[in-house]
Each structure stands twice: as C-alpha cells, then as structure tokens.
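I have placed the structure first, in the form of structure tokens, so that the comments after it can refer back to it.
Values in this text are rule-based calculations from the coordinates and carry no lab data. The structure displayed is predicted, hence computed values, not measured ones. Neighbour counts are summed over all protein chains in view; Cβ atoms, including those assigned to glycine, are modelled from backbone coordinates with ideal geometry.
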Amino acid sequence: MAAGPTESARMTTAREARFRIDYANSSPRSTRIIALDRTSARAIPSLVAAPSGARLLTVLGPEGRPGETLLVQDGTNVSLADALASADAVVMVATAGESAEAALRIGPECRARGIMTTGVILPLAGKDVDSSLTLKNLRQYAAMLVVTTDVDYLSDMLSALRA
C-alpha cells in the first residue's frame, strides 16, 4: 500500500494556500509595561523603541517612592484603574534584588479584569543579589515569569508579545 502525501505536504499545496492569511495580525495588543523600581524605570525606555500599542509606566512618583498613581513616560500621572482600563496585557518589570512590592497591588487588579500578566526580572549590573523577594512578589500574579541575565532580552520578548 502506497503512502499518500504527508499532512505538511498537503498544507503547502496551491489548493490549501488559498486559506492562508497573508498579512500580519491587525490587532496589536494594548500593553502596559510597568517598571516596578527605579533601575527598571531607567532601563525600559532604552530597551523599548517606539512600541506599538504599548504604554510605558512606572510606579515611582517624582520623589522616587512608590505612589498610588503611575507615572507615564511623558511625566503625567495616571491612576492604576485608568492605566488598565483598555489594556489587554501587562508586563511588570523589576530589578533582581528589589522587592517588586507594587506587583502585590497591580497583580490583583489585572486578575480581576482578566488581563494577561507577565513578569520580567532584569539583572542588577555586575552584582550577584538575592532575588527571592522579587520572585515571590511577582510569581503569584504573573502568568509568565522570566528571569533574564541579559537586559536586551526584554525588547525581544516585547516584540514577540506584540507589545
């Protein structure tokens, strides 16, 4: 008995090609990239070049302390509720060794709204630090948690997430 063409071979025929979608996904995500500490707040703008549909925010107020509002990249403030209102994805970025305490406030809000959350822990340049508290606070609210040794990984990941 002769074997027919494989599934892969059948899907590459001209007949099947008519069912392919030949354009990129026309619905980019409405992503919020939130820096949870001062170091990640400084790193994010240089790693994210003109994100489409993404909004860069930090939990740090002008005094450098976590506030009740989020600081937008242009220097304005927005409440967490307003920042999440039209979001469908949130990426919380923390630096290894920092507490990432703001994740304990942001995570439940995202969960209540059904917003996909990702946590990224960036390395602290040239230092070996204990990241257990950072991990603990992010882990409980991040559907995906990435601990990276390369800060450039964040820009690649955001591109893959269509942020």
Check your understanding: Using modelled backbone amide H atoms (1.01 Å from N, in-plane), which distant-in-sequence or interchain residues come within less than 5 Å of Val90's amide H?
Key -> Arg32, Met116, Thr117, Thr118
Point to revise | Within region 125-152: backbone nitrogen closer than 12 Å to the Met116 label point (7 Å, Cα to C-beta) | key: 143-144
Study note, to complete from the structure: Listed by chain and number, the residues whose amide H is under 5 Å from that of Ala54, excluding neighbours fewer than 5 places away on the same chain and using placed H, are Thr31
Point to revise | In order through region 92-103: 3J(HN,Hα) via Karplus (6.51 cos²θ - 1.76 cosθ + 1.60), integer Hz, x for Gly, Pro | key: 9, 10, 10, 9, 3, x, 7, 6, 6, 4, 4, 4
Exercise for review: Would you mind checking which residues have amide H under 5 Å from Ala35's amide H? H placed 1.01 Å from N; only 5 or more apart, or other chain.
Suggested key: Leu57, Thr58, Val59, Val93
Practice item. Go through region 146-158 residue by residue and turn each phi into a ³J(HN,Hα) via Karplus (6.51, -1.76, 1.60, θ = phi - 60°); whole Hz please, and just put x for glycine and proline. Key: 10, 10, 10, 9, 10, 5, 5, 4, 4, 5, 5, 5, 5
Study note, to complete from the structure: By the C-alpha gyration tensor axes a ≥ b ≥ c (rounded if a/c is under 1.5, else prolate when a/b exceeds b/c, else oblate), the shape of region 108-163 is oblate
